Each structure stands twice: as C-alpha cells, then as structure tokens.
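Let me begin by presenting the structure, written as structure tokens, before commenting on it.
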Amino acid sequence: MAADQAQFQQLLVSLLSTDNDVRQQAEEAFNNLPRQVKVTHLLGNIHNGQQSEEARQMAAVLLRRLFTTDFLEFYKEIPTESQNQLLQQILLAVQLDVSPQLRRKICEVIAEAARNLIDEDGTNQWPDVLQFLFQCANSPTPQLQESALRIFSSVPSIFGNQEAQYMDLIKQMLAKSMDPSSDAEVRVQAVRAVGAFILHHDKEKESALYKHFGDMLPRMIVITGETIEAQDDQTLLKLLIDMTENCPKFLRPQLELIFEICMKVFSSQDFEDSWRHLVLEVMVSLAENAPAMVRKRAEKYVLALIPLVLQMMTDLDEDEDWSTADVVDDDHTDNNVIAESSLDRLACGLGGKTVLPHVMNALPAMLGHADWKHRFAALMAISAIGEGCHKQMEAMLDQVMSGVLVYLRDPHPRVRYAACNAIGQMSTDFAPTFEKKFHDQVIPGLLSLLDDVNNPRVQAHAGAALVNFSEDCPKNILTRYLDAIMTKLENILNSKFKELVEKGNKLVLEQVVTTIASVADTCEAEFVAYYDRLMPCLKFIIQNANSEEFRMLRGKTIECVSLIGLAVGQEKFIGDAGEIMDMLLKTHTEGDLPDDDPQTSYLITAWARMCKILGKQFEQYLPLVMGPVMRTASMKPEVAMLDNEEVEDIEGDVDWSFINLGEQQNFAIRTAGMDDKASACEMLVCYARELKEGFAEYSEEVVRQMVPMLKFYFHDGVRTAAAESLPYLLDCAKFKGPQYLEGMWLYICPELLKVINTEPEAEVQSELLNSLAKCIETLGPNCLNEDSMKQVLEIINKYLLEHFEKADKRYAARQEEDYDDGVEEELAEQDDTDVYILSKIVDITHALFMTNKAQFLPAFDQIAPHFVKLLDPSRPTADRQWGVCAFDDLIEFCGPACAPYQQYFLPALLQYVLDKSPEVRQAVAYGCGVLGQFGGEQFAVACATIIPLLVQVINDPKSREVENINATENAISAFSKILKYNKSALTNVDELIAVWFSWLPISEDPEEAAHIYGYLCDLIEGNHPVILGANNCNLPRIVSIIAEAFCTNVLEAKSPTGTRMLTIVKQIESNPDVMQACASTLSPEQQQAIQDAYRELANAPAN
C-alpha cells in the first residue's frame, strides 16, 4: 500500500510538470486508474502533511472533479461503512491545519459530495454535513466559520426539503457571521452565502424570502462597500452584479446606497479601471433589470452618471496608423468601448425620456471641443442612444442631423469616421423616415468621403454607412442617385483592385463590394445598366482570391454577385450563371472548408439566391450543393460542463458562451459556426419552397435533419428554420405519393407537438405554431389522429391559459409603486408579443376549421370557453379581434352547423360592428359577411338587423381614412354578401343596392374586392335597372369603377372576376358612341390601366 501511495505521489508530481509530454503521460496513467483507487489516494494525499502544498491542492482539485462527474457511480458501489468513512474523512480534512487555499479546495470537495447526496425529493442523505455546518459556524475558529459559509455558498440547496424548518437557524448563522465583530474574511463569505441563498430560490417564492432576509441587506451592502474601498477582492462586487441581474427587487431598499458607493468609485481616478468597469456594470445592470425602480429612486445618480460615461468615451489613444490599418482589431476591454456600450444599455433600459435630455445637454460642448476625442465621443454617443431613445429622438432628427452632417468634413479622420458611424446607425434605427428626410444631404456627404484615399478606414466606413442607408432606402429615392453612386463605387473598385494586386490591401475593397451588393439589392432591375461593367472584375476576384487572407473578400464578392443576379433577373444573369455556379462549386469540390471559414456562410446563402434566380434550372446543381449545405446544417456544437475556475480560464474567448447553472456548474458552448448552421437550415427552407417537386428526392434526408433540430436550444435561428421548413417539405413529399406523405407526417407530428409545449422563446413559439397550422392546411382533412388532436387541443388550452395569466400579470404590474411611462412601454411590448402568439393559435383553429369543417366542432367545444372569454367586452381590443376571428372561421367553414354557437357570436357581431377599433370592426364585418354567405336562411333576420349597422360604419365621415379603410371595405363586402346570399328578410333590396352602388369603387382589399366586384358583375349581367340606370345612364360610372379597380391593382385581369369585368367593358366597347362617352370620364391612368389589363389577360396562359 505504501508503495502504491508513493507511486501515486509521484504521479501527482508529474501531473504538475511543466513538460507537456510528462504531464500527458501522467494524465493518461491517472485516467486509467480505477475510480476507487483514485478516491482513496487523492483523499490520502490531502490528509498527508508531508506532501507538498502544490500536490495536496492538486489532489483536492482532482477529487472535486471526480466527485462532479462520477460521485454517485462509485459511491453506490462501496459498502455503507466505507461510505460513512469516506464522508467522515472529507469532513476531517477541512479541520486540519492547512493553508487557506487548500482549505478552500477541500470545502469545494465537501460541497460537491453534499450536492450529489440530495435526492430527487430534496432529502439530504448526509445529515451529518448539516450538523457540521452549524458546528463550524458556531466555532470560535474563524477558519472553520469561513469554511461553513463557503460550503453553504457552493450548495445553497444543502438543506433540501428541510430548509423551511431550518430557515431561522440559517438566518441566525448568517447574521452572526456578518456582525462587525466577526473576522473580515468571515464577513465576506457570509455576504457571499446570503447572495447565493437568495439567488438560488426561484422568483415565484421571492417576496417571502426577500422579506425574511431584507433586514440583512444593509450589512451586506456595507461589507461590499468595505471590500471595494480596500480594492483587494472583487468577489462581492461581482456578486452584487449577479443580484442586479437576477433579484434587483431585493436590492430596492438600499438602491440609493448602492448608487452612492458605485458613483464614488466611478467618478474617482484613484481606482483601477477594472473596479470602475465593475461598478459601472452594477449601475447599468440595475437600469436594465429594474428600470422603473432606478427612474423613481435614483434619477439624481443617472443625471450625474451620464456625463461621466460620456467622459469615459473620450478615453482614446492617439494612434498614427489608425486610419491606414488594413486589419481592424477593436479591443472590447477599452474604456471608450465599455462606456459606449454602457450608454447604449442605459438608453435601452431607462428609455429616451430619462436619458436623451442628459445626453443632449452634454453634446454641444463636446461637439465644439478643440480635442478630437470629445467630438468623436459625442458622435459615437448619438450612434449609441438611437435604439433606446428612438421615440424621443425621432421627433428631433432635424436638430440631431444638423449637428452630425458638418462633421463629415471634420479635419480629424476619426471624427469623420464617427460621423459616418452615426449616419449609418441612424439609417437603421430611424428607417425609412431618415432616408426620406435626409437623402439629399447624406448620399452626397458619404460619396465625398469615399474619395478619402489617404484614410482607408474612413473610406471603408463611409461605404458601410452607405450600405445601412441603401438597405432601407425606398427604391424610387435611391435610383435618383444611382449614377453618381455607381460611378464612384466603380472607380474605387478598379483602383482598390489594383491596390490589392500591388500591395495586398483589402479593407476598402471588401467594403465596396458589399456596398455595391446593397445598392443592387435595393435598386433591382434599374441596376442592369452597370452589370456588364462590374461582372468581369467581380468574377476575377472570385476566381483568383484563393489565399487564406482573401477568404473574406472572396466571400463578400460571392454575396455581391448573387445579389446582383437577383436584382437584374434571370434574363440578364443567365449568361454568367453557369460559370459562376461552377466557380462556387469548385470551392467545395477541391476540399471541405474549415468550420471557421467565412466563405461558408456566403456560399450557402449565394446558392439559395441562385436557386431563386434559376428556378427549375437550379435542380441540376442540387447533387453538388446539397452535400456542403447538409454538412453545415448538421454541424454539432462543442459543449462542456465547467466549474467556475475553468470558466475563468476561457471567459475572454469570444467563440464561447456560458450559462451559469448555479452551484459551481456552468454550461459552455462554442458558438463559432452556429450562425452558419442556421444559414444552412434557412437555405434548405428556400430550396424546398422554390423547387417543390425538384426537391422531393431530398425531402426525407432533410426532414430527418430538421425534426431533431426543433430542439436545438443553442441557437434560436436553427429552431426557427427547422419549424419553417416542415410545411414546405410536406409539399415536396406530396410528389412522392400519399403513403410517403403520410409516413413523413407521422415522423414530424409527434415531435412538433412535443416541442411546441416546451419551447422557451416567444419568437420561436410563434414559428412553431405557424408551422403546425401550415402543415394542417397542407395535409387537409383528418390529418390528426385522435391522440394528436388531443395534444393540439392541450396546446391551444395551455397557450390561451398563459395568455390570460400574462394579461393578469401586466394588470398587476400597472398597480405597482414603480409603475410609470417606461414600464408601460415595456408592458406594451410584452402585450404585442402575446397578441402575436394569440394570432398564431387562431391560425391553428382556422386550419382545423378550413380542413375539417363541422367535423372539428366536437373538438372545438373543449376549448370554446377560452374563445368566448376573448369576446368579453372587458377584454383588450386584440383579444376581442382574435376572438371574433375564431368564430368567423366557425361560421365560414361550418355553415348552418354554426347555429348552436350563435348565443356567443351574434351578440358580439352586433355589438362590435361599431367598435372604436378598426381591427375589431374589420373582423366583425368579415364575420357578418360569412354569416350572410354561409349561415343559411336561419340567419336571415340577423342579417337584416346587421344591414343598418353596416350602413352606419360605411357612411361614417372617417370611414375612408387610412386606418379605417380595410374595415370599411370588409363592411361593404359583408353588405354585398348579405344582398347576394341572404336577403329574404330585407324589404327594400333595390334601395339598398342603390346605396351599395354609391360606395364603389373600393381599392385596398383584393380578397373582398373579388366578392364586391363579383356581385357587381352579377347585377350588370342580370341587367339590374338600379345599376344600369334609366337608358343605361350609369354605364360611364360602371366603366370608371372597373378602370379604377385595375388602376389600384385591387384585382388581377386574369382572375375570374377581373375577366368578367373586362368582358363587360368589351361589350360596352361594341357600341362606339357609348364607349366614347364612358372613356371621356376616365383619367389617363385609368385608360392605361384598362389597356394593361387587356394585355395581361391576353398573355395569361390558357388553363
């Protein structure tokens, strides 16, 4: 045994070796030892006072790691006596006379064992550890007190299901440890323990816990303040940040003191930057996580903080090579970058009303400052606050822009760069208002900076700002400047291409290629004029920029070429398409690209664009394209479970993301490549949507890839694309026969229903619900078996219950003491999200009614009470709107079988047809129309009752205003349907037809236009005297109405109704005199519209 122990000691020494080979061999030898041998020797080495400190610490670390991964496995294998002995030995170890570092590591071993010995019911299977905790906490020895607190901090759940009965003892232990008479380190650990305990509890129980521990908060903040003052340990400050993120309400009573302490540090130059960054994080995190509380109780601190943040933004280095650097590498730990990000977060958290006035007050002095750093910081501040101060800033854009534009001509290149940055950011934040208002100043200003050849970084940034501006600029505005923009961009492309060949410089060239792509994307067909001049150069880059340093340039050029192709269309692009596809495919056929190659995402998205351009002709490339796309789509992320120390080792690595799971556990995922994976999934959606039958052969392979990715919780975009793909894949599967289609649905359905229940993100939830609705529509009646239908009803039930619960929570939030305008904005956003989800639930019931008709009614009965509740007058507008929509579907698709539900929907239709909300009126008007069309004779009296209400809606003086027009046209359509299908209870039909005729034309709603104009055709073809008038005197008006329908594109010439209307015009044309009289009343646009409609009809393919 002694020999074994000596051997093991030597192994520990080798594990600590700086020689990689020695250490690697030792790791292999250690990994090959049986678990029990490892545990025995590691524990022995911890207890062995003769061993070196370093080896004992290493033994404790290894034992803790072993406990983390394998504790229960080996613990269950050893006899009870050995179990007890093991646990006693690790408790004894912490009581040895050892260094503070080793004792800390032994505490982590105890904590890991304790964590593993709490069973699923919350029973702690190691009661001795609880007694040990209290004994140590009450021990006169500070080291043991500290150890108890460290163990408790690591496993705040240590009391398991006995926590409630121990609560007073726990509080007593922690309060005693924070007493001023306690040892300094004990006090620090006590604060850590309180923080960990509070953070461990879920938010549902927070109020009782906050109350119970509230009187300890002042001491916690005082002790935290002492550690900050001493500048020796950032642990408590980092804990405070954690608490601001997860339990800001607990901190409420001490909010002013927290800001006081943080402001003292942040405003002082006596503290190192790392301390100033942390206290800034505390204040910013509070602003983000408890904005109402900060606005109400800490506004005076915000007033003082914003100028200090702006001051920190001026902390920049003079760098002579900055403006000519070809490789840009911004350091995210620089003061100015941290300050800029903080200003952005403060604006988003606290809102424009609070932040904008303080920033605007400071800007004039900064913009007028002789030192370029102040001017730079002021312009970067304007960029930073746009998103958070959107509403308030939009109202003063003129004032802001007058302050920005002049700095495009500033003598200092970095100020010009910042002016480009502000313009680019505002182009995005305030689109399209910004583009419409400032195009005549912004485009010439940015074009002039594209000539700044001595400062390539400024030149490139002007190009980047032009991208942002082009993306959201209305086409009719950008095309006015197209010649000027393209002349400039072509010149730069040619000169920078030469520079690339001669010097290898690529920064500006990369940007110009992206800018050209963006301009082409917006200007579309107008871009044809520049195609022939640009394409040879772009193709040359793709063909020859093959070395590693040019990968990004080649990727961006691939993007540019595919966007130009999409802009100019197949006819122009087809001559180059084959050659370009061969170049793109060559990239992959010459060997797989590494995971981090930037070309991958550009290639994959370019292929999808090529698919859109080439349509069916793209099918020939699928065998070559699908391999790389599927490989990228099936990339598996690198994941790991790490403890806090291991996280610290790789925390700065931008390729990794961490989720703290509490109690020393962190989930780490390498995020590099995940965006490419999402892109690849989106491209598969594109192929399925565009190619249909041509993609059928791949549908099974792709569906087997997509369905498991509905649970890919590392990236929302992957799950969204997976959800979106399913209905399109079913469409493809139809071409392989009903059996194949059924098999695919049997594979999709259970998984889709499962994830809809567990998806955590609202944005993805809505995609999943939408996918389910579309799948049902695609598959048709009876696609859900009994079990699936039951699950769908459970989903609808769950989401509607949550909808009502969330509304109640928002109501409660409006009653809280911190409620203000900012909170209301936040609640309104939440409301929008909930309403969108509600609309997707109604899409599912729509799909079920549409496919199953009255057969769905027995199932609907199980969820009907929720929809009835939505109709209640006390519910918000959107609830009533979507409640009505659900019953509209019931009426439309179940016809006379809707009668048993009239007690719910009829009162709602009659009451809400005159509702203040246009959205509610539109839903109700549609319902009135389908009731007339499909409800049958039993609803004749109801339809007669509705008619005068519709007249009231349509004759309202504001009925044709933009916000009301759709509701009004739906009301006109409902009127048409009642007159056409359900007029038996009406006594004055001719009179009503005359009134109806006076409301034409309509111009907005193509779906309802088909009904309205269809009825008009019925009446004309039936020679109805009210419509034709005495001696056909209404013919000019009829022709004018028809012409206006085509002029406003509310009807297509080749649609059935459009064709009937053109036939009527042709009949009138057979009498030249009458037609002459009719034509004289038409505007030139209307006359042109009729000619275009004839042409469209003539060119329409014969059915």
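Observations on the structure shown:
- Residue within region 207-214 that is modelled with pLDDT under 90, among the small types (Gly, Ala, Ser) and either farther than 25 Å from residue 143 by Cβ or touching a helix residue (DSSP H, G or I) at 6+ places or on another chain (Cβ under 6 Å) (or both) present: yes
- Residue in region 764-774 that is among the polar types (S, T, N, Q), modelled with pLDDT of 95 or more and in contact with a Cys (Cβ under 9 Å, 6 or more places away or on another chain) present: no
- Selected residue (only one of 378, 384 is at pLDDT 95 or above, surrounded by 17 or more Cβ atoms within 10 Å (Cβ to Cβ), among the hydrophobic types (A, V, I, L, M, F, W, C) and touching a His at 6+ places or on another chain (Cβ under 9 Å)): 378
- Taking the listed residues 906, 914, the one that is under 24 Å from residue 963 (Cα atoms) and modelled with pLDDT of 95 or more is 914, with no other qualifying.
- When 1048, 987 are screened for being among the hydroxyl-bearing types (Ser, Thr, Tyr), more than 19 Å from residue 922 (Cβ to Cβ) and at pLDDT below 95, only 987 passes.
- Lone qualifier among 520, 462 - being in a helix (DSSP H, G or I), closer than 29 Å to residue 410 by Cβ and among the hydrophobic types (A, V, I, L, M, F, W, C): 462
- For region 987-1010, filtered to residues that are under 47 Å from the mean Cα position of the chain (by Cα) and among the aromatic types (Phe, Trp, Tyr), the residue that is nearest to residue 945 (Cα to Cα) is 996.
- Every residue from region 723-776 that is more than 21 Å from residue 842 (Cβ to Cβ) and acidic (Asp, Glu): 731, 742, 751
- Screening 199, 130 for residues that are over 41 Å from the mean Cα position of the chain (by Cα) and either of a type in the set (A, V, I, L, M, F, W, C) or crowded, with 18+ Cβ neighbours inside 10 Å (or both) leaves exactly one candidate, 130.
- Residue match in region 539-556 (condition: in contact with a Gly (Cβ under 7 Å, 6 or more places away or on another chain) and not small (Gly, Ala, Ser)): no
- Picking from residues in region 1009-1058 that are part of a helix (DSSP H, G or I) and acidic (Asp, Glu), the one that is nearest to residue 1077 (Cα to Cα) is 1044.
- Counting the residues of region 470-485 that are part of a helix (DSSP H, G or I) and among the acidic types (Asp, Glu) gives 2.
- Contacts under 7 angstrom Cβ, first residue in region 245-265 being at pLDDT 95 or above, partner aromatic (Phe, Trp, Tyr), 6 or more apart: 259/301; 263/301; 265/271; 265/275
- Residue in region 349-356 that is in contact (Cβ under 8 Å) with a residue 60 or more places away in the chain, farther than 28 Å from residue 285 by Cα and not in a helix (DSSP H, G or I) present: no
- Counted residues, region 491-517 - those being surrounded by fewer than 20 Cβ atoms within 10 Å (Cβ to Cβ) and outside any helix (DSSP H, G or I): 2
- The set of residues in region 47-96 that are among the β-branched types (Val, Ile, Thr) and touching a residue at least 40 places away in the same chain (Cβ under 8 Å) comprises 61, 68, 78, 90, 94.
- Applying the criterion of at least 3 residues that are more than 21 Å from the chain's Cα centre (by Cα) and under 26 Å from residue 799 (Cα atoms) to the helices (runs of 4 or more DSSP H) found wholly in region 666-753 leaves 716-733.
- Just one of the listed residues (488, 437) is at pLDDT 90 or above, of a type in the set (D, E, K, R), surrounded by 17 or more Cβ atoms within 10 Å (Cβ to Cβ) and part of a helix (DSSP H, G or I), namely 488.
- Inter-residue pairs, beta-carbon under 7 Å, first farther than 15 Å from residue 155 by Cβ and surrounded by fewer than 21 Cβ atoms within 10 Å (Cβ to Cβ) and in region 97-118, second at pLDDT below 95 and of a type in the set (Lys, Arg), 6+ apart: 102/56
- Here the condition is being over 20 Å from residue 514 (Cα atoms) and part of a helix (DSSP H, G or I); of 467, 415, 442, it holds for 415 alone.
- Meets criteria (closer than 28 Å to residue 898 by Cβ, at pLDDT 95 or above and not small (Gly, Ala, Ser)) for residue 972: yes
- Among the residues of region 144-195, the ones that are small (Gly, Ala, Ser) and outside any helix (DSSP H, G or I) come to 3 in all.
- Hits in region 446-467 (condition: surrounded by fewer than 23 Cβ atoms within 10 Å (Cβ to Cβ) and over 17 Å from residue 509 (Cβ atoms)): 447, 448
The values are calculated or read from the model by the stated rules, or taken from the named source; none is laboratory data. Note that this is a predicted model, so its numbers are computed, not measured. Don't worry about glycine lacking a Cβ; one is built from the backbone with ideal geometry, like all the others, and counts go over all protein chains shown.
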